[in-house]
Amino acid sequence: MKNVIETDRLTKRFGIFTAVDQISFEVEEGEIFGFLGANGAGKTTAMRMLCGLSVPTSGKARVAGFDVYKQQEEIKKHIGYMSQKFSLYNDLKVWENIRLFGGIYGLSKKQIAAKTEEFLYALGLESERDTMVNSLPLGWKQKLAFSVAVIHEPRIVFLDEPTGGVDPVTRRQFWELIYQASARGITTFVTTHYMDEAEYCNRVSIMVDGRIEAFNTPSALKITFKANNMNEVFHALARKAQRIDN
Amino acid sequence: MRQFGSFIRKEFYHILRDKRTMTILLLMPIILIILFGYAITTEIKQSPFVVLDNSFDTRTNQLIEQLQASEYFTLYSKVSNVEEIENLFRQGKIRMALVVSPTNDLQILADATDPNEAAALIQYAQAILSSQLSTFNFQLSTHLLYNPQMKSAYNFVPGVMGLILILICAMMTSVGIVKEKEMGTMEVLLVSPMKPVYIVLAKATPYLLISLINIITILLLSRFLLEVPIVGSIWLVLGLSVLYALVALSLGLLISTITDTQQAAMLISWVVLMLPVMLLSGMIFPIENMPWILQIISDIVPAKWYIIAVKDVMIKGLGAETILKEIGILALMFVTLTALSVKRFKIRL
Amino acid sequence: MNGVHIQNISKKYGSVTALQTISLNIGDGELFGLIGPDGAGKTTLFRILTTLLLPDSGSASVCGLDIIKDLKEIRMRVGYMPGRFSLYQDLTVEENLSFFASVFNTTIADNYELVRDIYVQIEPFKHRRAGKLSGGMKQKLALCCALIHRPDVLFLDEPTTGVDPVSRVEFWDMLDKLKRQGITILVSTPYMDEASRCDRIALLMRSGVCLSVDTPEGIRRSFNKPLYAVRAKNMYPLLEELRNYEGTLSCYAFGDSHHLTLKSYKKDIIHLQSYLKEKGFTNVTIESIEAGIEDCFINEM
């Protein structure tokens, strides 16, 4: 298996504060990778470095084969990104959002038209084509946002708490979209506070105080920590956190 | 009362910690004064002038032709006495007058209510006529009406004061209140025993204070940098400024009740407040020359009345009794606007 | 006395229905949960109860006070923590707390006892600006601010959204303590696993429809079908295969297992087992389990 993300002692400091402390891990192609940790453990900072939005203080990292120091623009072309806070433009219609993001990633008019039909059909949004994204239920919005984030078939898609506040049924439908993307070879890098979702990942890492304290498949972690589920694993680790805040 | 005190303290924290905005607020009057004082000049094209010829010399006609030939002047008419000149100036029909005396003295008159313009007119006329003047040996003396020292500062200092007060009191207050709505903190404040009127007063107080600092800065700059003397009572000028600031605050409050985003509040402040102050208050363009519809609109621009009153006190040295009308109008505006915004201020979301 | 009574409250925003004839009775000192996803009208209900919004129809009372007539009295007696922790980002922790104390005409010192357990956790950072705190810390500070005037009823709108599981547990521990002090607490959450920490819960669905109101135990018991947890080596193909299975009524992924209900029971289990074996699944386990709140919610949707 090829690695699409490789980090070696990747570190980010803000003044005297070390937000991300020498993390080393790799993510395989097509893998669903859960990036877990408490608030303030350094997840967001690490993710920003991997997306080419922030320059590391030290260490190495390659994303989709590109260097995070020198090839940030190349990285951005080969990844997709969505978060709970920002995903789509609320004041644009469903099809306008698809056209916009298709355009941003350089798809042709024809490709965009085809993708629009494909998404609307797959998500059951045919009748909502002209609906303002604003008035879609959150769960539908997030499913559409995910589709848009992978509109250019990126190597990796980064998802930052994509299912927060989404109803239980739609949350599961969202994960099915992830599985489908994974089957197409798109690697998923996801953060979540739902521990049942951690179980759906091929492998997970758990960050505590800026370091990766656990890194394995969910079943292996459960054995290591003598836990019944990922929730217990998380609690066992996160309770060790010294720094309460970043 | 302690409630109120701590609310005001919080507002000061907000302002003092936003260093960039704070700097802009304090530097703005200085920049505006320097900008208006030194940088901005008025351009002159096709200015109408009259000629009063008492010499009955044909050479006067050559002067007229010379001026007419340039793009800067057009002859309005010939007149036969000084009163006529005076009247035409008052009506704004002419901008310059040539007076040739029986002893062949040439006098150029200009209206210095707008000193920049008057100075430029006279300069241009002199340049155009210079060749003639040496040939004909006329004696030249220029005379400015109304503003003998020809200080443009007389005109724009009150204008800048009107602008700054609106900007800080109305815009900053409305943005400040709307920010609480945007951040969601207004929700918490509403669900508290804090009276809405306190919330509003507390928001306004720091800005009232900052704008007073600005007024004092402007007055100091104009006195010592531009050398504009304050003829009338300084206390009356400050009192007027407070009254005008209160009008501006109530306007800001009204804007905050009809907008939900900081952007919208800012935009409305610009369009509804700033532009009229710049364009319709008489600060830049004389109101008398405006079409009647704009003249009527200018009556509801508070800055107009403030600028008139401040000019009267600061420059003409008049007392409170002469500006009762302006004070009355501003007070009425304050009461109406406050009542309207208190009525509109929602105690629910 | 300090209860909350809601009768047939409805609210629409234009053509969007936020609440549909909701009726709830929350007792004095009860810890009551509103469980439901984004868009279920939880925030609207809180705003109506805290007198910030008027309902289109229906009536409600808080501490025996009418939410329309007795606006001022209610505002004196409730504490409210809106969804986005409403703090002043440019004020420090201490300044935020002392500001909110003075808004309610009290001081930190007066009510320190009530917030002490929570405040000691953030006190080391009291000189830090609120904007520089992490989610869990902001949440604790916002709770302190909502409590500082010793309210009789506390309204918490999604206090744990976006907060990590450990901080969430700590937060609920704090709510337990507050409840023991006799404060009536109404809390909303999209996390189904938090439901069991409440005395009673209401399950709310999109467009403000109330599915059921009961104790968490009562709701779980109302799940009237046998439920099975199915596991195998390849979980995602297993999910698809279980859905294709003719005897399946419903099947949803639940972390490390899939929760399955069948059209007819017992005899099918044996059949299912051989069906899955036939399809090539290894390490198949099928185990009968008790339904959780999330199962009930999905079942009712």
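With unit charges on the beta carbon (Lys/Arg positive, Asp/Glu negative), name the residue among B:M161, C:T43, A:V208 whose Cα is farthest towards the positive pole of the charge dipole of the protein assembly as shown.
With unit charges placed on the Cβ atoms, the residue in question is A:V208.
Go through C:P237, C:I68, C:Y191 and say which Cα lies farthest out towards the positive end of the charge dipole of chain C; charges sit on Cβ, +1 for Lys and Arg, -1 for Asp and Glu.
Sorting the options by dipole projection puts first C:P237.
Of B:A69, B:A97, B:A303, which has the largest mean-square fluctuation in a 10 Å C-alpha GNM of chain B?
Among B:A69, B:A97, B:A303, the largest mean-square fluctuation in the Gaussian network model of chain B belongs to B:A69.
Just add up the charged neighbours of A:F146: K/R +1, D/E -1, any other residue whose Cβ is under 15 Å from the Cβ of A:F146.
For residues surrounding A:F146, the net value is +1.
Roughly what % antiparallel, to the nearest 5, for the DSSP beta bridges in chain A?
55 percent
Kindly work out what percent of the DSSP beta bridges joining two residues of the protein assembly as shown are antiparallel, to the nearest 5.
Expressed as a percentage, antiparallel bridges in the protein assembly as shown total about 55.
Which trypsin sites (Lys or Arg not before Pro) in region A:1-36 pass both tests, a DSSP loop state and at most 15 other beta-carbon atoms within 10 Å?
Hits after loop and neighbour filter: A:K2.
I need to check one value: relative contact order of region A:89-153, counting alpha carbon pairs closer than 8 Å and at least 6 residues apart, in percent.
Averaging sequence separation for qualifying contacts and normalising by length gives 48 percent for region A:89-153.
On a 0 to 90 degree scale, rounded to 10, what angle separates helix C:235-244 from the longest Cα axis of chain C?
Once rounded, the angle reads 70 degrees.
Go through region A:203-242 and name the trypsin sites (Lys or Arg not before Pro) that are in a DSSP coil and have 11 or fewer other Cβ atoms within 10 Å of their Cβ.
A:K226, A:K240
Give me the mean projected area, in nm² to one decimal, of the convex hull enclosing the Cα positions of the protein assembly as shown.
47.6 nm²
Rg/Rh for region A:133-240 to two decimals, with Rh computed the Kirkwood way over all alpha-carbon pairs.
When Rh is taken as the Kirkwood radius, the ratio is 1.00.
For a quick check: with amide H placed at 1.01 Å from N, whose amide H comes under 5 Å from A:D167's, ignoring anything fewer than 5 positions away on the same chain?
Correct list: A:G139, C:D38.
Could you tell me the convex hull volume per residue, in Å³, taken over the Cα atoms of region B:240-320?
102 Å³
To the nearest 20 debye, what is the magnitude of the charge dipole of the protein assembly as shown about its Cα centre, counting +1 on the Cβ of each Lys and Arg and -1 on the Cβ of each Asp and Glu?
The dipole of the protein assembly as shown has a size of about 1100 debye.
Which shape class applies to region B:153-348: rounded if a/c is under 1.5, otherwise prolate when a/b exceeds b/c and oblate if not, where a ≥ b ≥ c are the square roots of the Cα gyration tensor eigenvalues?
Cα axes put region B:153-348 in the prolate bin.
If exposed means no more than 12 neighbouring beta carbons inside 10 Å and the site is in a DSSP loop, what's the longest run of chain C without any exposed GluC sites (Glu not before Pro)?
Result for the longest clean stretch: C:1-245.
DSSP loop trypsin sites (Lys or Arg not before Pro) in region A:98-197 with at most 11 other Cβ atoms within 10 Å of their Cβ, which ones?
A:R184
Looking at region A:89-153, how many pairs of lysines come closer than 21 Å at the Cα, when each pair is eight or more places apart or spans two chains?
Here the count comes out as 7.
How large is Rg/Rh for chain C, to two decimals, with Cα atoms and a Kirkwood Rh?
Reported Rg/Rh (Cα atoms, Kirkwood Rh): 1.06.
Going Cα to Cα from B:K179, which lysines come in below 22 Å? Please leave out same-chain ones fewer than 8 positions away.
Within reach: A:K85, B:K10, B:K19, B:K195, B:K203, B:K343, B:K346, C:K132, C:K138.
Counting Lys +1, Arg +1, Asp -1, Glu -1, what net charge surrounds C:T17 among other residues with beta carbon under 13 Å of its beta carbon?
Counting the neighbours of C:T17, the net charge comes to +2.
Restricting the count to DSSP beta bridges whose residues both fall in chain C, what percent are antiparallel, rounded to a multiple of 5?
Antiparallel bridges: around 65 percent, rounded to the nearest 5.
Give me the distance in nm between label points sitting 7 Å out from Cα along the Cα-to-Cβ direction at B:I296 and A:E118, one decimal.
6.3 nm
Normalised by the residues of chain B, what does the relative contact order come to in percent, with Cα pairs under 8 Å and at least six apart?
So the answer I get is 18 percent.
So if I place +1 on the C-beta of Lys and Arg and -1 on the C-beta of Asp and Glu, and nothing else carries charge, what would the dipole magnitude of region C:191-301 be about its Cα centre? I want it in debye, nearest 20.
It works out to roughly 300 debye.
Tell me what chain C gives for mean residue ellipticity at 222 nm when only DSSP H runs of n ≥ 4 count, each as -39,500 (n - 2.57), the sum divided by the residue total, rounded to 500 deg cm²/dmol.
Counting only the DSSP helices, I get -10000 deg cm²/dmol.
Over the Cα atoms of chain B, each weighted equally, I'd like the Debye log10 I(q)/I(0) at q = 0.10, 0.15 Å⁻¹, rounded to two decimals.
Each listed q maps to, in turn, -0.69, -1.20.
Taking amide hydrogens as modeled 1.01 Å from N in the peptide plane, which residues meet the under 5 Å criterion relative to A:T187, leaving out close sequence neighbours?
A:G30, A:I156, A:V157
Cut-off under 21 Å on the C-alpha distance; same-chain residues fewer than 8 positions from A:K226 excluded. Which lysines are left, in chain and number order?
A:K240, C:K233
Output wanted: per-residue J couplings in Hz (rounded whole) for region C:222-233, from phi through Karplus 6.51 cos²θ - 1.76 cosθ + 1.60, θ = phi - 60°, x for Gly and Pro.
Running phi through 6.51 cos²θ - 1.76 cosθ + 1.60 with θ = phi - 60° gives 6, 6, 9, 10, x, 10, 10, 9, 10, 10, 7, 5 Hz.
Over the residues of region C:62-179, compute the C-alpha Rg and express it relative to 2.2 N^0.38 Å.
1.04
Read-outs: derived from the displayed coordinates by stated rules, not from any lab. The model shown is predicted, which means the values in this text are computed figures rather than measured ones. Here Cβ is always computed from backbone atoms with ideal geometry, including for glycine, and neighbour counts include all displayed protein chains.
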